[in-house]
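*Asks:* Pasting a structure below so you can have a look.
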Amino acid sequence: MKNVSFISLVLGFASLATACKSGINSQTKNPLSVNNLLDTRYKMLLDYPVDSMSMPRSMNIKTNEIRKVPSKDWTSGFFAGNLWQLYRLTGDSKFKEQAEKWTAFSRKESYNKNSHDIGFKVFCSFGEALKVENKKEYEAVIIKGAETLCKRFDPKVGSIRSWDFNKEIWDYPVIIDNMMNLELLFEASKLSGNPKYRNTAIQHANTTLKNQFREDNSCYHVIDYDPVSGKVRKKTTLQGYNDDSVWARGQAWAVYGFTMAYRYTKDEAFIKQAEATALFFMANKNLPEDGIPYWDLKDPSIPNSARDVSAAMVMASALYELYGYTKKDNYLAFADKMMNSVQSKNYILDSNIKAPFLFDHSTGNWPKQDEIDEPIIYADYYFLEALLRKKAL
Ligand code: GLY
C-alpha cells in the first residue's frame, strides 16, 4: 500500500492555489507543509485514549474541548471508520489495532431501535471493518442492525421513520439523511440472502424520491407524514435556515444516498435524481469559489456565514462514485476541487491542536447554534472515503 505522504502529495497538489481564493479567515500560522500537516493529524487519532463513553464527535474551537459521546449518538461509528480507512490508506497496523477496539463499542447499537441512525452507527464502523477483514461476526452485526432498522418501516407511509422526538410537532418525520442508512439494508441482503432488507430500502428510496425534492431538484430536510393515510403532512426542516432553504449537508446526503441506491439497484430514476441534485448544487450562485459550501445555500448572511466542510466531503465522496457510473468529467472535476480546497492550511486543523480530528470549519446544527464552524468527525470520515474512492478510480 502507498503511504499517507504519497497520497497527500498526489491529491493535495493544487490546494495551496485554492487556499488563496478561499473566504475562510482562520489561516493557521503552522509552518509545516500541507502533506506533513495531514500526516501529523492522522497520527493524532492513534493517541486518543480508548474509552467506550468517549467517542470523539467534535471540538469547540474556542476552548479546545472535545465533545465525547457514547455509542447511542448518531456519530459514534465514524471514529472507528476513520481508523479502518486510514489502515487501508497507509497499511499501518496500528490503525487496525485501534479500529478493532473502537468498532466493538458500536456492536450494541445493532439492537437499538430508537432512531434511524443504526446505519451510520453500525455501517460506518462494522461496514468498514468488513472491507478489511471478512469476519462472520462483523456480518452478523450488520444483519442484526438491518433487522432492527426494518422495525422502523411503516408500509402505509412507505418509509423508515427517522426520529421519535418532537412528537407534538411531527407525526412521522422522515429526513433526507435517512437515505444514508439504506446502505446497511442493501448490504445485509447481500450478506444474508434475505431480500427483506433490500426491499425495505427500495420502498424508502422510492417514497423519498416522490416527496422530498423540489422542482429545482434541491431537497427538503424533513417530510412529515400522516401515518394513518400515508400522505405528506408537511415539508419542513430542523437543521436548515428555514423550510424553503437549501441545507447544504442535506443536498449532499441526497446525492450520496441516491447514487448509492443506484449502485445496488441500477434503477435509472435513482441516478437521475442524484445527478439533478448534484448539478443544482454545483451551479448554485451562493457556492464559494473553492467549492466548500456555506452551511445553508440560502442563509441571508452569506458571505458572512459559516462553511460546512462536512457537506463538501459527503458531496465529494458521492461525486466520485457518480463519476464512476456516468464518466461525466464535471463530477470528477468538482470533487477534485473540493478535495484540493480542504487539503490546505485554510481547512486542516492546526497541528498544535492535539485532537483526533483532521479538519476545521464544519457546521453541525446552525438553528440550534450547536457545532458551528468547528472540527466534526464525519467531515473526516467522508474525506478519507473520498480519498479511497479517488484512488480506486
Ligand atoms: N443527522 C445527520 C446530520 O446532522 O447531518
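The values are calculated or read from the model by the stated rules, or taken from the named source; none is laboratory data. Nothing here was measured: the structure is a model prediction, and the numbers come from that model. Note that each Cβ is placed from the backbone with ideal geometry, even for glycine, and that neighbours are counted across all protein chains shown. In case anyone asks, the SASA skips ligands and DNA or RNA and just uses the protein heavy atoms, side chains included. Shrake-Rupley method; radii C 1.70, N 1.55, O 1.52, S 1.80 Å.
*Asks:* Of the residues that make up the range 224-232, is at least one more than 14 Å from the ligand (Cβ to nearest atom), open to solvent by less than 30 Å² (accessible area, probe 1.4 Å) and among the hydroxyl-bearing types (Ser, Thr, Tyr)?
*Replies:* For the range 224-232, residues more than 14 Å from the ligand (Cβ to nearest atom), open to solvent by less than 30 Å² (accessible area, probe 1.4 Å) and among the hydroxyl-bearing types (Ser, Thr, Tyr): present.
*Asks:* Additional query: Report, ordered by the first and then the second residue, all pairs with beta carbons closer than 8 Å, sequence separation of six or more or different chains, a first member in the range 325-336 that is touching a residue at least 24 places away in the same chain (Cβ under 8 Å), and a second member that is part of a helix (DSSP H, G or I) and of a type in the set (Phe, Trp, Tyr).
*Replies:* These pairs meet every condition: 325/262; 331/320; 331/323; 332/320; 332/323; 335/320; 335/323.
*Asks:* Could you list, in sequence order, the residues of the range 190-213 that are farther than 15 Å from residue 157 by Cβ and open to solvent by less than 40 Å² (accessible area, probe 1.4 Å)?
*Replies:* Selection gives 197, 213.
*Asks:* Evaluate the following for residue 108: is it open to solvent by 40 Å² or more (accessible area, probe 1.4 Å) and within 28 Å of residue 315 (Cβ to Cβ)? Lay out the reasoning, then the answer.
*Replies:* On the way: open to solvent by 40 Å² or more (accessible area, probe 1.4 Å): yes; within 28 Å of residue 315 (Cβ to Cβ): no.
No, not satisfied.
*Asks:* Here is a follow-up. The conditions are (1) open to solvent by 40 Å² or more (accessible area, probe 1.4 Å); (2) among the aromatic types (Phe, Trp, Tyr); (3) within 16 Å of the ligand (Cβ to nearest atom), and residue 123 fails exactly one of them. Which is it?
*Replies:* Of everything listed in (1) open to solvent by 40 Å² or more (accessible area, probe 1.4 Å); (2) among the aromatic types (Phe, Trp, Tyr); (3) within 16 Å of the ligand (Cβ to nearest atom), residue 123 misses just condition (1).
*Asks:* Based on what the data block shows, is residue 96 at pLDDT 95 or above, of a type in the set (Lys, Arg), surrounded by fewer than 24 Cβ atoms within 10 Å (Cβ to Cβ) and in a helix (DSSP H, G or I)?
*Replies:* Details: at pLDDT 95 or above: yes; of a type in the set (Lys, Arg): yes; surrounded by fewer than 24 Cβ atoms within 10 Å (Cβ to Cβ): yes; in a helix (DSSP H, G or I): yes.
Yes, satisfied.
*Asks:* Hey, another quick one. Does residue 233 satisfy being touching a Phe, Trp or Tyr at 6+ places or on another chain (Cβ under 7 Å), outside any helix (DSSP H, G or I) and among the charged types (D, E, K, R)?
*Replies:* yes
*Asks:* With the requirement that a residue be away from the ligand (no atom under 15 Å from the Cβ) and of a type in the set (Ser, Thr, Tyr), what does the range 350-393 give you?
*Replies:* Matches in the range 350-393: 351 only.
*Asks:* Here is a further query. Say whether the condition of being outside any helix (DSSP H, G or I) and open to solvent by less than 10 Å² (accessible area, probe 1.4 Å) is met by at least one residue in the range 254-265.
*Replies:* Let us first name the residues in the range 254-265 that are outside any helix (DSSP H, G or I), namely none.
No: the range 254-265 contains no residue that is outside any helix (DSSP H, G or I) and open to solvent by less than 10 Å² (accessible area, probe 1.4 Å).
*Asks:* I would also like to ask the following. Within the bounds of the range 326-333, is there any residue that is buried (at least 24 other Cβ atoms within 10 Å of the Cβ) and within 16 Å of the ligand (Cβ to nearest atom)? Before the answer, list the steps.
*Replies:* Going through the range 326-333, the residues buried (at least 24 other Cβ atoms within 10 Å of the Cβ) turn out to be 331.
Checking the rest, the ones that are also within 16 Å of the ligand (Cβ to nearest atom) come to none.
Checking the range 326-333: not a single residue is buried (at least 24 other Cβ atoms within 10 Å of the Cβ) and within 16 Å of the ligand (Cβ to nearest atom).
*Asks:* On to the next question. Identify, from the list 274, 311, the residue that is more than 16 Å from the ligand (Cβ to nearest atom), small (Gly, Ala, Ser), open to solvent by less than 10 Å² (accessible area, probe 1.4 Å) and in contact (Cβ under 8 Å) with a residue 12 or more places away in the chain.
*Replies:* On the way: 311 fails: more than 16 Å from the ligand (Cβ to nearest atom).
That would be 274, the only listed residue that is more than 16 Å from the ligand (Cβ to nearest atom), small (Gly, Ala, Ser), open to solvent by less than 10 Å² (accessible area, probe 1.4 Å) and in contact (Cβ under 8 Å) with a residue 12 or more places away in the chain.
*Asks:* Can you name the residue in the range 235-270 that is among the aliphatic types (A, V, I, L, M) and touching a helix residue (DSSP H, G or I) at 6+ places or on another chain (Cβ under 9 Å) and, of all such residues, is nearest to residue 363 (Cα to Cα)?
*Replies:* At the first step, the residues of the range 235-270 found to be among the aliphatic types (A, V, I, L, M) are 238, 246, 248, 252, 254-255, 260-261, 269.
Restricting the remaining residues to those that are touching a helix residue (DSSP H, G or I) at 6+ places or on another chain (Cβ under 9 Å) gives 246, 248, 252, 254-255, 260-261, 269.
On the way: 246: 14, 248: 10, 252: 14, 254: 18, 255: 19, 260: 24, 261: 26, 269: 31 Å.
Among them, the one singled out is 248.
*Asks:* List the residue pairs whose Cβ atoms are under 7 Å apart, where the first residue sits in the range 231-246 and is among the small types (Gly, Ala, Ser), the second is more than 14 Å from the ligand (Cβ to nearest atom), and the two are 6 or more positions apart or on different chains.
*Replies:* Once the first residue is among the small types (Gly, Ala, Ser) and sits in the range 231-246, its partners that are more than 14 Å from the ligand (Cβ to nearest atom) give 245/298.
*Asks:* Consider residue 290 against the criteria (1) outside any helix (DSSP H, G or I); (2) within 16 Å of the ligand (Cβ to nearest atom): it satisfies all of them except one. Which criterion is unmet?
*Replies:* (2)
*Asks:* Select from the range 158-189 the residues that are open to solvent by 10 Å² or more (accessible area, probe 1.4 Å), away from the ligand (no atom under 14 Å from the Cβ), closer than 18 Å to residue 124 by Cα and touching a residue at least 60 places away in the same chain (Cβ under 8 Å) and list them in ascending order.
*Replies:* Passing the criteria: 183, 187.
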